[in-house]
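Just below is one structure, and these are the notes that go with it.
Nothing in this text is a laboratory measurement; each read-out follows from the coordinates by a stated rule. Just so you know, these numbers come straight off a predicted model, no measurement behind them. All Cβ positions, even for glycine, are placed from backbone atoms using ideal geometry, and neighbour counts span all protein chains on display.
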């Protein structure tokens, strides 16, 4: 898959970071050592070493947790090169993403002194932050390149396992609706591996996994690359195995106070992919959607209540 100059720079940065074994936040911290006072270095080390304590906190809550004022937090992250706390928070979550577990997430959330209503609002706040982070960092040209690859591929295999199976099935269903030969295999490891073995250079593999990433998904992407198959990843950090293996990748945060993670941002990303793919062949997409609409109407796919039924419901 051809990459723009910007894409190459991102790839080079990712390779350097992976070579050093550092997250983006760790790299910034290392580069800013001489500019940080001992107290601020200590503060950052405590933040980096305690994901369970800092994963969900705002700048004010973070300051309260470490007994400093909010201005100290803001000035410290500015030394690291962050203009906004939201940017720092995004990298902070990316740093923790391979370390924090569902158990740790729920444990950390349960230790906070909040009412149930507060916890529900916090969950929704995190969803909105994830969506805002996606909006601020998404590269339309990258999505356009993916859409062109989808259009030119003979087969599209989408690998998403466990909870991510919901995303892979959704993406495959949407692409099939637009007329693309997409498939999201389910079942055993053997079933996934056999499908990957049949791919070639004219096909495309899309791998979806987050955090430490599931072994079967990573190995599917690795096998595809060995066979010369173009690969695209959807994950939640530039340091995840999926990001390191795939030719290109998009980041959509799944940060959540729930053990199950948040799929608000990944779903929004898939929606953007659908838009781009539909526009690569607008005329064909419209023809397929019109035909589907006509068939749905003829087959009575949608529920329609009879007049007698409506009268019965109204009387109840």
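The table below gives the values:
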read-out: Efficiency of FRET from Cβ geometry, residue 121 and residue 176, R₀ 41 Å, rounded to 0.05; value: 0.65
read-out: Directionally averaged shadow of the range 140-298, computed from the convex hull of its alpha-carbon atoms, nm²; value: 9.8
read-out: Cβ-Cβ FRET estimate between residue 48 and residue 78, R0 fixed at 25 Å, reported to 0.05; value: 0.90
read-out: Computed label-point distance, nm, for sites residue 279 and residue 292 using a 7 Å Cα→Cβ extension; value: 1.9
read-out: Label-point separation, residue 27 to residue 302 (7 Å along Cα→Cβ), nm; value: 4.9
